[in-house]
1. Can you find a residue that is closer than 20 Å to residue 145 by Cβ, buried (at least 17 other Cβ atoms within 10 Å of the Cβ) and either free of Cβ contacts under 8 Å to residues at least 24 places away in the same chain or more than 16 Å from the chain's Cα centre (by Cα) (or both) anywhere in segment 13-33?
2. Let me confirm something: among 108, 89, 128, which residue is in contact with a helix residue (DSSP H, G or I) (Cβ under 6 Å, 6 or more places away or on another chain), part of a helix (DSSP H, G or I) and more than 21 Å from residue 29 (Cα to Cα)?
3. Of all residues in segment 55-87, count the ones that are under 23 Å from residue 105 (Cα atoms) and either touching a residue at least 12 places away in the same chain (Cβ under 8 Å) or out of contact with any strand residue (DSSP E or B) (no Cβ under 7 Å at 6 or more places or on another chain) (or both).
4. What pairs come out if I take residues in segment 134-149 that are without any contact (Cβ under 8 Å) to a residue 12 or more places away in the chain and on the phi > 0 side of the Ramachandran plot and pair them with residues that are outside any helix (DSSP H, G or I) and surrounded by fewer than 20 Cβ atoms within 10 Å (Cβ to Cβ) whose C-beta lies under 7 Å away, six or more apart or interchain?
5. So residue 120 fits all but one of (1) in a helix (DSSP H, G or I); (2) surrounded by fewer than 17 Cβ atoms within 10 Å (Cβ to Cβ); what number is the exception?
6. What single numbered condition from (1) in contact with a helix residue (DSSP H, G or I) (Cβ under 6 Å, 6 or more places away or on another chain); (2) part of a loop (DSSP other than H, G, I, E, B); (3) under 28 Å from residue 149 (Cα atoms) fails to hold for residue 49?
7. Please find, among 98, 77, 129, the residue that is surrounded by 14 or more Cβ atoms within 10 Å (Cβ to Cβ) and under 10 Å from the mean Cα position of the chain (by Cα).
8. For segment 132-151, which residues satisfy the criterion of being surrounded by 18 or more Cβ atoms within 10 Å (Cβ to Cβ) and either over 14 Å from the mean Cα position of the chain (by Cα) or closer than 21 Å to residue 24 by Cα (or both)?
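The values are calculated or read from the model by the stated rules, or taken from the named source; none is laboratory data. Being a predicted model, the structure only gives us computed values, none of them experimental. Please note: Cβ atoms are built from the backbone with ideal geometry, for glycine as well, and neighbour counts cover all protein chains shown.
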């Protein structure tokens, strides 16, 4: 199974380009099981979060499995770090980071997350996993909004 590594050249791609790339990757995978395995492999590729950030304050409330989230603003761009006890949530986090990390807070706050529907994961997720996905998306957007308000 092929895992797409993050771009090592400093080329900024748009959120739309990142989403299109992800949709193409998932279309090339046949069955739901192939998609599921791919998300697990993505989860395995997520670098572990520094233990200093795995705190109660960084836990995403309402997720079934412990999931930690933190962000930082650098030069007008937001960067994310996520870790979870669930490989599926870690894999989804890789996809969200590919789309959103390195973008401006305003763009993240207003991001259309349509790729989530297009890759077909949502309809296969249990309500608990879907809840965790949206808790993470909402936290990402909330943090982006706080950076917009602190300009």
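1. no
2. Working: 89 fails: more than 21 Å from residue 29 (Cα to Cα); 128 fails: in contact with a helix residue (DSSP H, G or I) (Cβ under 6 Å, 6 or more places away or on another chain).
None of the others qualify; the one that does is 108.
3. Of the residues in segment 55-87, the ones under 23 Å from residue 105 (Cα atoms) are 57-61, 67-83.
Within this subset, residues satisfying the condition of being either touching a residue at least 12 places away in the same chain (Cβ under 8 Å) or out of contact with any strand residue (DSSP E or B) (no Cβ under 7 Å at 6 or more places or on another chain) (or both) are 57-58, 60-61, 67-71, 73-83.
Qualifying residue count, segment 55-87: 20.
4. none
5. (1)
6. (1)
7. On the way: 77 fails: under 10 Å from the mean Cα position of the chain (by Cα); 129 fails: under 10 Å from the mean Cα position of the chain (by Cα).
Testing whether each residue is surrounded by 14 or more Cβ atoms within 10 Å (Cβ to Cβ) and under 10 Å from the mean Cα position of the chain (by Cα) leaves just 98.
8. Residues satisfying the conditions are 133, 147.
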